[in-house]
1. What's the long-distance tail for the range 55-130, i.e. % of Cα pairs beyond 20 Å?
2. About the Cα centre of the chain, how large is the charge dipole given +1 on each Lys and Arg Cβ and -1 on each Asp and Glu Cβ? Please answer in debye to the nearest 20.
3. Which of Ile117, Ile50, Ile5 has the fewest other C-beta atoms within 10 Å, and how do the rest follow up to the most?
4. Could you tell me which of rounded, prolate or oblate describes the range 7-154, using a ≥ b ≥ c as the square roots of the eigenvalues of the alpha-carbon gyration tensor, with rounded for a/c under 1.5 and, failing that, prolate when a/b is larger than b/c and oblate otherwise?
5. Can you check what the net charge comes to around Ala111, using other residues whose Cβ is under 10 Å from the Cβ of Ala111 (Lys, Arg +1; Asp, Glu -1)?
6. Need the full-extension length gain, Asn87 to Ser130, defined as separation in residues times 0.36 nm minus the C-alpha distance. One decimal, nm.
7. Starting from 0.36 nm per residue, how many nanometres of slack lie between Asn28 and Ser96 once their C-alpha separation is accounted for?
8. If I model a spin label at Lys7 and Ala154 as a point 7 Å from the Cα along the Cα→Cβ vector, what separation in nanometres do I get?
Amino acid sequence: MLQLINKELFEKVAAGAAASPRKRLNHNFHSGPNDNPHRFLNVLLRGTYIRPHRHLHPPKAETFLVLEGQAALLTLTDAGEVMARCNLSQEPANGSFGVDVAAGVWHTVVALTERVICFEVKPGPWEPSSDKEFAPWSPTEGSPSCAAYVETLASANVGAAFIRIVES
């Protein structure tokens, strides 16, 4: 079977992202959680919050390619400081098309344009309880501090330290 990756698919998934409170949506090309590798489109709308995380147990690398829009992929230290910022774009005049993140590296992605469409690949299977470890110094998804944290991430430079968010 063929699944075309075209403007029609982009619009369909983007409409789903716009309807989602999370401001993002995946479209899987793999057939289920046990497939290996996992391949999917990820539509990110400006303001979505992808909590910093890593794939350590089990170790999994992750590849992002930007097909539309601009995003920043940030890697962070165990203390929450920015180690690297990769500007990603479909037309990377001052950045790259994509990035491969090694297993165990704290990372997050921030949409820099109104919408970003990424193609992602990572190893399967997907087990929700162990897929990712969230950074303890980052706000939990849905908390009131997320919007401000996303803005901080969007303007972050290498070496920037973040205020630890402690929530009750």
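Derivation of every value follows stated rules applied to the coordinates shown; laboratory data play no part. In this text the structure is predicted, and so the values were computed from the model without any measurement. For neighbour counting, all protein chains shown are included, and Cβ atoms are generated from backbone atoms with ideal geometry for every residue, glycine included.
1. Result: 34 percent of Cα pairs exceed 20 Å.
2. I would put it at about 160 debye.
3. Fewest to most other Cβ atoms nearby, the residues stand as Ile5, Ile50, Ile117.
4. Taking the square roots of the gyration eigenvalues as a ≥ b ≥ c, the range 7-154 is rounded.
5. +3
6. 12.7 nm
7. 22.1 nm
8. Reported label-point gap for Lys7 and Ala154 is 2.6 nm.
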